[in-house]
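Nothing in this text is a laboratory measurement; each read-out follows from the coordinates by a stated rule. Just so you know, these numbers come straight off a predicted model, no measurement behind them. Note that we place each Cβ from the backbone using ideal geometry, even for glycine, and neighbour counts take in every protein chain shown.
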2 protein chains.
Amino acid sequence: MASRTDTKTRILDAAEKLFAERGFSETSLRLITSKAEVNLASVNYHFGSKKELIRAVLARYLDVFMPNAAIEIKRLHNAPEDASLNEIFSALIKPLLELNKVRNGGTIIFLQLLGRGYIESQGHLRWFITTHYGEHLATFVKAVVASAPHIPPAEMFWRLHFTLGTIVFTMASADALNEIAAADYGEHNNTEAIIRKVIPYMAAGVAVPVLNN
Amino acid sequence: MASRTDTKTRILDAAEKLFAERGFSETSLRLITSKAEVNLASVNYHFGSKKELIRAVLARYLDVFMPNAAIEIKRLHNAPEDASLNEIFSALIKPLLELNKVRNGGTIIFLQLLGRGYIESQGHLRWFITTHYGEHLATFVKAVVASAPHIPPAEMFWRLHFTLGTIVFTMASADALNEIAAADYGEHNNTEAIIRKVIPYMAAGVAVPVLNN
DNA sequence: GATTAATTTAAACGGGTGTTTAAATTAACT
DNA sequence: AGTTAATTTAAACACCCGTTTAAATTAATC
């Protein structure tokens with residue numbers, strides 16, 4: 001049933017790397033299959049279409065991250081009753097960094113894929129994520145809402161999407177930003193350092209009181 | 001020298017709309033020229049290439065926005081000595097909304113174009129913006145730094161890019177988010193309402209004290 | 001009004017895209 | 001081993017892309 005290192009896996013490995021760094025539509029199946037050293041037609045044979053390959057690439061990460069994230073959130077919630085926003089966001093660090101064990105650079109690849117997915121393909125991936133992982137997402141949202149009860153639900157909806165934009169854009173530009181930061185400030189940040197920078201920013205933004213003017 | 005409504009302008013008008021809603025590489029010259037009701041070859045005749053058309057589309061907005069934004073920031077800075085971050089960010093609202101007078105929906109189109117530019121074309125547009133409008137950008141950055149002197153420069157560099165990600169991603173997804181918000185919370189936000197929501201979030205995030213652990 | 005320049009047009013160019021096909025190969029099973 | 005199923009392969013398909021060309025048309029200049 002399987003060949004040398006599984007054609008399916010070789011395709012996924014090559015695809016996720018290219019998708020993350022150049023985007024979905026900028027990455028051709030011919031480039032993927034040549035990097036993976038498999039035949040062009042094998043993508044359609046194993047995945048059916050490019051669109052389904054994209055979903056498979058994302059699913060491989062979401063299937064690991066989402067359950068782990070939900071577990072960490074629940075663990076927080078069961079303990080000191082109400083966790084701070086910083087604690088809730090920080091609880092996602094471990095699940096995120098564990099993706100590095102799945103694959104080298106897995107954390108940043110995952111976040112970049114997420115961003116590409118949300119921005120490039122209006123809808124179809126957003127639908128895929130919310131329908132397949134809606135339960136886990138709800139766990140996270142509930143914890144955030146409980147931690148910032150002074151923010152009305154509608155406002156929280158917007159702010160959580162602000163956080164998504166913050167982290168997703170940051171990770172998509174992480175390499176370029178790191179280069180500039182290194183040149184201008186002598187800073188060298190890895191993925192974890194950037195995540196730890198962005199969390200206080202997001203937590204403060206989500207919790208800031210709503211002006212009623 | 002000019003025909004009915006200037007072929008050049010017809011192309012720019014059609015292109016910016018399509019670029020904003022589908023991205024640069026997802027928008028073909030054939031689609032642009034058919035919407036603009038001009039000949040396919042006229043893009044290359046008037047602009048030289050697709051890449052130069054993209055820059056021309058962005059420049060038309062940046063040339064209006066950047067000077068206006070710098071003026072507003074300077075006006076703030078000369079008055080009550082030190083403006084709050086909320087005031088500084090809010091000073092950008094007027095220049096942003098004035099883009100709606102340039103063209104219907106100009107504000108959101110501009111912000112969406114900016115986001116597409118930063119995410120899609122790693123580098124070449126980023127270079128174009130910083131070299132052509134660096135002075136105006138510096139005015140803004142200086143005001144922010146002065147308003148939050150407790151944030152080290154290197155940290156501020158990252159946080160300002162967080163804000164860029166926040167607003168750019170939000171605007172790129174604005175239509176989709178608005179649909180969800182309308183369905184789930186009965187909310188109907190225009191571009192200005194979303195901008196006014198995002199500013200407190202960004203201001204709080206930029207100013208939050210840095211943890212030294 | 002004739003001549004020159006600027007613009008528009010239709011057509012083709014060369015190349016890249018995702019997908020499909022049918023034959024060749026490899027693996028699995030009785 | 002022989003047969004069936006799964007996989008890999010090379011080639012072609014139909015289509016879309018940005019760009020270029022050369023002729024037709026329109027505008028400007030003398």
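Comparing A:A15, A:A154, A:A36 in a Gaussian network model of chain A where C-alpha atoms under 10 Å apart are linked, the largest mean-square fluctuation is found at A:A154. Compare B:A181, B:A148, B:A138 in a GNM of chain B, Cα atoms joined below 10 Å, and give the one with the largest fluctuation. Top of the fluctuation ranking is B:A181. Extension gain, B:R103 to B:R126, is 5.9 nm, computed as 0.36 nm per intervening residue step minus the present C-alpha separation.
Which residue, B:L125, B:L96, B:L177, has the most motion in a Gaussian network model of chain B that connects Cα atoms within less than 10 Å? Ranking B:L125, B:L96, B:L177 by mean-square fluctuation puts B:L177 first. For B:E37, the label point sits 7 Å beyond Cα toward Cβ; its separations from the matching points on the remaining copies run 5.7 nm, from shortest to longest. A simple spin-label model places pseudo-atoms 7 Å from Cα toward Cβ; at B:V210 and B:V145 they are separated by 1.3 nm. Ranked from shortest, the separations from the 7 Å Cα-to-Cβ label point of A:I71 to its equivalents in the other copies are 5.9 nm.
Spin-label model, B:K51/A:T5: points 7 Å from Cα along the beta carbon direction are separated by 3.4 nm. With its label point put 7 Å out from Cα toward Cβ, A:P153 sits 4.8 nm from the same residue's point in the other copies, in order from shortest.
Legend: calculated FRET efficiency, B:E135 to A:D184, from the Cβ-Cβ distance at R0 = 22 Å, rounded to 0.05, equals 0.80. Based on Cα contacts under 8 Å between residues 6+ apart, chain B shows a relative contact order of 22 percent. Across the options A:L96, B:Y118, A:A181, the greatest Cα extent toward the positive end of the charge dipole of the protein assembly as shown (unit charges at beta carbon of Lys, Arg, Asp, Glu) belongs to B:Y118.
Shape analysis of the range A:121-213 places it in the oblate category; the axes a ≥ b ≥ c from the Cα gyration tensor give an a/c of at least 1.5, with a/b not above b/c. So if I take the alpha carbon set of the protein assembly as shown, get Rg, then get Rh from the Kirkwood formula, what is the Rg over Rh ratio? So for the protein assembly as shown, dividing Rg by the Kirkwood Rh gives 0.97.
Only helices enter the 222 nm calculation for the protein assembly as shown: every DSSP H run of n ≥ 4 contributes -39,500 (n - 2.57), and dividing by all residues gives -25000 deg cm²/dmol, rounded to 500. Per the Debye formula on identical point scatterers at the alpha carbon atoms of chain A, with no solvent, log10 I(q)/I(0) at q = 0.19 Å⁻¹ is -1.44.
Of the residues B:V168, B:L62, B:P149, the one whose Cα sits farthest towards the positive end of the charge dipole of the range B:62-177 is B:L62 (charges of +1 on Lys and Arg Cβ, -1 on Asp and Glu Cβ, taken about the Cα centre). Here chain A is treated with +1 on each Lys and Arg Cβ and -1 on each Asp and Glu Cβ, and its dipole about the Cα centre works out to around 640 debye. A Förster radius of 22 Å combined with the Cβ-Cβ distance from A:K94 to B:A154 puts the calculated FRET efficiency at roughly 0.25. Once R0 is set to 25 Å, what does the formula 1/(1 + (r/R0)^6) return for the Cβ-Cβ distance between B:E192 and B:S84, expressed as a FRET efficiency to the nearest 0.05? For R0 = 25 Å, the calculated efficiency reads 0.80. Modelled this way, with points 7 Å down the Cα-to-C-beta line, the labels at B:R75 and B:S25 are 4.1 nm from one another.
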